[in-house]
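What follows is a set of notes on a single structure, which appears directly below.
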Amino acid sequence: HRLRGIKDQGAGASLAEIEYLGPGRERSRAHSHGTRATFGYDVVGQITASTLSTTSTPSALLDRRTFAWDRAGNKREQVDTRVGPPRKRTHAYDSLYRMNRSKRFSGAVLQEEVVYDLDAPGNRTSVTGGFGAGSYTLTGDDALVHEYTTTPLDTRSYDGNGNLTHRQ
């Protein structure tokens, strides 16, 4: 059994109707507030496109995105093609399939590039460019459970169970 719709239990009104494309993948979702989301997928089931538009006549496009994936299933690209120049994000990965670079474009113009330096287990050691640029450290037992002690944005403390106890 799969979900075919969402109803307001108190009023009994339909909030959304869902259509599927094969097992587990939504083809479309119509919302009671007058919008419809549609989705496209590649042969392995990864989303390649999403569109949100009004259900009125004529329909108005609210959001459109496309996605591209590498052979390992990592997102390589996301493009927002609503209005104006396309806004694109690209991602690059190291040989262990860990994201180590991202770029943000408006049209063909590079707006931001972020480079992530990683240690052997895959923890950030530094970030160049973008929000959160700077050094990242893990010390003592925190390193064993991949919890940062310091970042460019804060300093953190954890208890013996690994729960965050202080953030400054």
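The values are calculated or read from the model by the stated rules, or taken from the named source; none is laboratory data. Everything numeric here is computed off the predicted structure, so don't read it as measured data. Using ideal geometry, Cβ is built from the backbone for each residue, glycine included, and neighbour counts are taken over all protein chains shown. Remember, those area values only see protein heavy atoms, side chains included, never the ligands or the DNA or RNA. Shrake-Rupley method; radii C 1.70, N 1.55, O 1.52, S 1.80 Å.
Taking the criterion of being more than 21 Å from Leu153 (Cβ to Cβ), small (Gly, Ala, Ser) and surrounded by 13 or more Cβ atoms within 10 Å (Cβ to Cβ), the residues of region 88-115 that qualify are Ala92, Ser106.
Go over the candidates Thr90, Thr165, Thr125 one by one and state the one that is touching a strand residue (DSSP E or B) at 6+ places or on another chain (Cβ under 8 Å), part of a strand (DSSP E or B) and within 30 Å of Ser50 (Cβ to Cβ).
On the way: Thr165 fails: within 30 Å of Ser50 (Cβ to Cβ); Thr125 fails: within 30 Å of Ser50 (Cβ to Cβ).
The match here is Thr90.
If we keep just the residues of region 116-140 that are among the charged types (D, E, K, R) and in contact (Cβ under 8 Å) with a residue 12 or more places away in the chain, which is least open to solvent (accessible area, probe 1.4 Å)?
Just the residues of region 116-140 that are among the charged types (D, E, K, R), to begin with: 117, 119, 124.
Restricting the remaining residues to those that are in contact (Cβ under 8 Å) with a residue 12 or more places away in the chain gives 117, 124.
Working: Asp117: 68, Arg124: 86 Å².
Taking the candidates together, the pick is Asp117.
Would you be able to tell me the number of residues in region 60-84 that are assigned to a loop (DSSP other than H, G, I, E, B) and either touching a Pro at 6+ places or on another chain (Cβ under 7 Å) or open to solvent by 70 Å² or more (accessible area, probe 1.4 Å) (or both)?
Going residue by residue through region 60-84, those that are assigned to a loop (DSSP other than H, G, I, E, B) are 60, 70-74, 81-84.
Then keep just the ones that are either touching a Pro at 6+ places or on another chain (Cβ under 7 Å) or open to solvent by 70 Å² or more (accessible area, probe 1.4 Å) (or both); that gives 71, 82-83.
Residues that pass the stated criteria total 3.
Within region 98-128, which residues are modelled with pLDDT of 95 or more, more than 30 Å from Asn161 (Cβ to Cβ) and under 19 Å from the mean Cα position of the chain (by Cα)? Asn100, Arg101, Ser102, Lys103, Arg104, Phe105, Gln111, Glu112, Glu113, Val114, Val115 - these are the residues of region 98-128 that are modelled with pLDDT of 95 or more, more than 30 Å from Asn161 (Cβ to Cβ) and under 19 Å from the mean Cα position of the chain (by Cα).
Looking only at region 1-57, count how many residues are in a loop (DSSP other than H, G, I, E, B) and of a type outside the set (Val, Ile, Thr).
22
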